[in-house]
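Step one of this worksheet: look at the structure below.
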Amino acid sequence: NGDFHIDRVQHMPMHYRLLQTFNDFHMHNSTHADSPSHVIPESPYTHELPLENYYGPAVCLDIPKKHWELITVEDIEKAAAKVEGGIQEGDWVLICTGMNQRWGENDDYFMYSPGMSIEGAHWLVDHKVKGVGFDLQALDHILYTYAAQHGPGPYVPRIVDEYKKEFGHEPIEDYPEWEPVHTILLGNNVMGIENLGGDIEKVKGQRFMFCAFPLRWYMGDGTIVRA
């Protein structure tokens, strides 16, 4: 995801009581919201999305997952039934798989990540939610990305070999599309947030107000948020 750089260019004692920094960072690093333009040509950029898209009533679904597992419609419905009021039109749906506890520069979090199923993404669109947030490395399962056999991939050939050894066939047979969940959600005006962490464990099974305010980045394909 790239490194985050902060350069101190003016210091309080040396520049007449003025402190100033330059920042250089990747907008798809840490907790961030994707804009439709990230994956869909000629679709809205960050500055074109209304601020109202980034906050609203929310539920947090407790859906524990192990490596490479998919989040299914059954998982969503079962977890939603445990939340007061269930999932309602216009809700933010946050999904806690437990992967936030493994956050870091490691294979566990990135290369063996679970992810949303295509059917689950369609279910969320059909229920007219405002946005979906995950404590995962991406909106899509890792094997739907170029880390496996899509685009210029495999970017990480060893996970393809490991999958073949574990399941007896190529991962592309089970994950034939390129980032379909990104396209399904963002293409239907459903917001998507990746790498949720922080206090998500404390709100599992609850209804609350969720805020993830963006930077107003002109022609941005996404933005770091504080959720």
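With loop membership from DSSP and a limit of 10 other Cβ atoms within 10 Å, the longest segment of the chain without GluC sites (Glu not before Pro) is 106-227.
The order of M191, M111, going from fewest to most other C-beta atoms within 10 Å of their C-beta, is M111, M191. With the simple model of a label 7 Å out from the Cα in the direction of the Cβ, R216 to T72 spans 4.6 nm. Amide H contacts for W92 (H built 1.01 Å from N in the peptide plane; partners 5 or more residues away or on another chain; cut-off under 5 Å): A58, V59, K130, G131.
Each Lys and Arg contributes +1 and each Asp and Glu -1, all at the Cβ; summed about the Cα centre of the chain, the dipole is approximately 860 debye.
On full extension, the segment bounded by H122 and E48 gains 24.2 nm, given 0.36 nm per residue less the C-alpha separation. Computed from the C-beta positions of N189 and D161 and an R0 of 30 Å, the FRET efficiency is 0.20 to the nearest 0.05. From the Cα gyration tensor of the chain, with a ≥ b ≥ c the square roots of its eigenvalues, which class applies: rounded if a/c is under 1.5, or else prolate if a/b is larger than b/c, or else oblate? Taking the square roots of the gyration eigenvalues as a ≥ b ≥ c, the chain is oblate. Label-to-label distance, N106 versus A81, with points set 7 angstrom from Cα along the beta-carbon direction: 3.4 nm.
FYI, it's all coordinate maths here, none of it is from the lab. Note that this is a predicted model, so its numbers are computed, not measured. Using ideal geometry, Cβ is built from the backbone for each residue, glycine included, and neighbour counts are taken over all protein chains shown.
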